[in-house]
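Structure, as structure tokens:
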Amino acid sequence: MMPPEQDTSNITTHNSPASIMLTSRTENVSVHAEPSNVVPFSQYPIPSQQHQGQQTRLRFSVLCQPLRPVTLKFEEVAYSIYSSTTTTTSCLSLSSHKPKPRRSVLNGVSGVVRPGELLAMLGPSGSGKTTLLTALGGRLTGKLSGTITYNGRPFSCSMKRKTGFVAQDDVLYPHLTVVETLTYAALLKLPKELTREEKIEQAELIIVELGLARCRNTIVGGPLLRGVSGGERKRVSIGLEMLVNPSLLLLDEPTSGLDSTTAQRIMVTLRRLARGGRTVITTIHQPSSGLYRMFDKVLVLSEGCPIYCGQAEQAMEYFSSIGFTPGFNFLNPADFLLDLANGITPDEQLEFQGSVDHHDDQNSRKQDLTSSYKKNIYPVLKADINKNLQDSSFSTVISSKSSCGEVQWSTSWWEQFKVLLRRGLQERKHESYSGLRIFQVMSVSILSGLLWWHSDISHIQDQVGLLFFFSIFWGFFPLFNAIFAFPQERPMLIKERSSGMYRLSSYYFARTTGDLPMELVLPTIFVTVTYWMGGLKPSLVTFVLTLLIVLFNVLVSQGLGLALGAILMDVKQATTLASVTMLVFLLVGGYYIQHIPPFIAWLKYISFSHYCYKLLMGVQYSVNDVYECEIGMRCNVTDFPAIKCLGLDNKWWDVAALTIMLVGYRLLAYVALRIGQPH
């Protein structure tokens, strides 16, 4: 029985359930049409009249060119993972050494989505919707069986350029405004043939098209920072993918957590994008009847197995033809389909049963629905997948011999570096120059200056302690700040690298370069205040050398923090390892223990605190300096036990050791990112 709100004028009654499912849409889709309310880009005024013809041709060829339609076909897609459960033989026995069983996430999923169509994937939680969407976007790691083709060809680098993927969680920089977020993405994504002004103009066009003009200068915000609303944040995520005018747009639950009105606006936007000639696929958890009417096709999954794939307006009639009829007329089709995917029949919708027999009935009903799908729908669907006549006009010329390197990057390395550097400085300035960090450094600086107030060489033990405090404090502080860098940016890095926005090397150098002014200002202020308050050698040259050594130590310590964070990608584990490492460096630095047993003395040679401490004493004291070792007796500073043990020579060897650590730690961090991130 069809619900009254559905349009049944285009449904022809047949005896076969498969023929019901495959009734063609009567709506004609123009695959080269743009949304009606979008002003063509070529109609905007050109900033400069010079080379007007060339600019007009460039704009039309890149931004206003007709879409390259993509017909997506997937057949018998299956995916399984190892189950995390372990088998034990008794309460006292250890886990069994038997291989972990594999759990099927997807099992024999097939379908066809053509340009101009909006496909919605329905199913309960854990049914495999997100896994299938990730596989269709070419982002699923692991062994995937089955066939997925785009215009008859497998996923390639050129296809990656024409695919937009909007994840369920909005991964955005919270301190950037809407216009800044889209502008930086446009500068990175759009081809290098366009000028900077043209890329910015395209970002403005997306803002108008998605209805974001009202909040264009509002920060995006996040969980702890108030910004735009949830619906506006989702539209920003869609806009980031629409910048490159994708032919295939994939969205993972774009309406989750939104009210019905906002969800309606999001779905209207997606439907309009599909009508512009794009292939749009979305997963959706529990749509309203109004949202359901916007779907062209529906794919229903139950525990990874399909139970329906076809026109959305014919789903109810198909299930009625195989004996599953709604109990009353006014029923949301999506609720009915989700109940069936859970194995719940219309008769059971008003009551709940938790018996074992009831669960067995549900499992049996799911198997019946899967068997009915394979018998009635899959044969005709397979014939539709193998049909190439209609798709021949949509085929896109993609050279199978083209390598990823030829079409991989839209902009040059230097342009990516500049944009990422500017974006990073703008996003992280709120964190690096926060009032809490400034108060922390300044309070420790002033307190240290007061504790060592005007100490002189006669109190050489106190001065040596102050120098050691320099090396330790500016070893701990940058290390623990740098640990958070890559783990916190990992979601953004994975998202942008998966869409091919920039090279990993340009991101890494922009990230480390952007940290230099932020991470070096505070230690400069600290040393300037504490050095002169502490009564160290009143020499400008000595002060400058001391400052340079501390800054060098900061860079080495920061490099170690970046390496630990990139290798582990877990803040808790990295912090624990860094605490142990710095404790070892503290003990073997040369201040607490002068005579380390030979079998463990090698630890001091891998401690950057040891080299920094040694260099600080080397520039602070010379072999001709004397101090009052006893009343009325002066001794050479080289006879002081702490200095005698370390020595004041071989300064260039210490600088070379720190240089090797500086380069080695940062190279290790880059290699760890290269191995752990998508290419």
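The values are calculated or read from the model by the stated rules, or taken from the named source; none is laboratory data. Small disclaimer: the values here were computed from a predicted structure and weren't measured. Note that we place each Cβ from the backbone using ideal geometry, even for glycine, and neighbour counts take in every protein chain shown. The accessibility values were calculated without ligands, DNA or RNA, using every heavy atom of the protein model including side chains. Shrake-Rupley method; radii C 1.70, N 1.55, O 1.52, S 1.80 Å.
Below, the figures for the structure above:
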read-out: Ranked by how many other beta carbons lie within 10 Å on average, peptides 144-156, 201-213 from highest; value: 201-213, 144-156
read-out: Gyration tensor (alpha-carbon) shape descriptor, the range 413-676, a/c threshold 1.5; value: prolate
read-out: Loop chymotrypsin sites (Phe, Trp or Tyr not before Pro), the range 435-528 (other Cβ atoms within 10 Å of the site Cβ: 14 or fewer; DSSP); value: W453
read-out: 20 Å Cα-Cα reach of K418 towards lysines, excluding residues that sit fewer than 8 places from it in its own chain; value: K189, K192, K199, K429, K495
read-out: Per-pair calculated FRET efficiency, R0 = 60 Å: N342 and S443 via Cβ, rounded to 0.05; value: 0.55
read-out: Label-to-label distance, nm, for residues given as H595 and A213 (7 Å Cα→Cβ offset); value: 8.2 nm
read-out: Label-point separation, V671 to W652 (7 Å along Cα→Cβ), nm; value: 2.8 nm
read-out: Label-point separation in nm, S125 to S320, each point 7 Å along Cα→Cβ; value: 3.3 nm
read-out: In the range 550-592, chymotrypsin sites (Phe, Trp or Tyr not before Pro) in a DSSP loop with at most 12 other beta-carbon atoms within 10 Å; value: Y592
read-out: The range 413-676: relative contact order in percent, alpha carbon pairs under 8 Å with at least 6 residues between; value: 26 percent
read-out: Two-site FRET efficiency, L144 against D570, from Cβ-Cβ distance with R₀ of 25 Å, rounded to 0.05; value: 0.40
read-out: Protection proxy ranking of 415-423, 218-226, 291-299, 307-315 - average other beta-carbon atoms within 10 Å, highest first; value: 307-315, 291-299, 415-423, 218-226
read-out: Potential extension, I606-S229 segment - 0.36 nm per residue separation minus Cα distance; value: 130.7 nm
read-out: Reachable lysines from K614, criterion Cα separation under 22 angstrom, eight or more residues apart if same chain; value: K537, K604, K644, K651
read-out: Integer Hz, Karplus 6.51/-1.76/1.60 couplings in order for the range 460-474, x for Gly and Pro; value: 5, 4, 5, 5, 4, x, 5, 5, 5, 5, 3, 5, 7, 4, 8
read-out: Rounded percent of accessible protein surface that carbon and sulfur make up, the range 413-676, 1.4 Å probe; value: 70 percent
read-out: Calculated FRET value between E204 and D462, using beta carbons and R₀ = 60 Å, to 0.05; value: 0.45
read-out: Net length gained if the chain between T195 and D639 were fully extended (0.36 nm per residue, minus Cα distance); value: 153.1 nm
read-out: Å² per residue, accessible surface of the range 221-274 at 1.4 Å; value: 36 Å²
read-out: Under 10 Å, Cβ to Cβ, from D252 - net charge with Lys/Arg +1 and Asp/Glu -1; value: -1
read-out: Accessible surface, the range 413-676, averaged per residue in Å² (probe 1.4 Å); value: 46 Å²
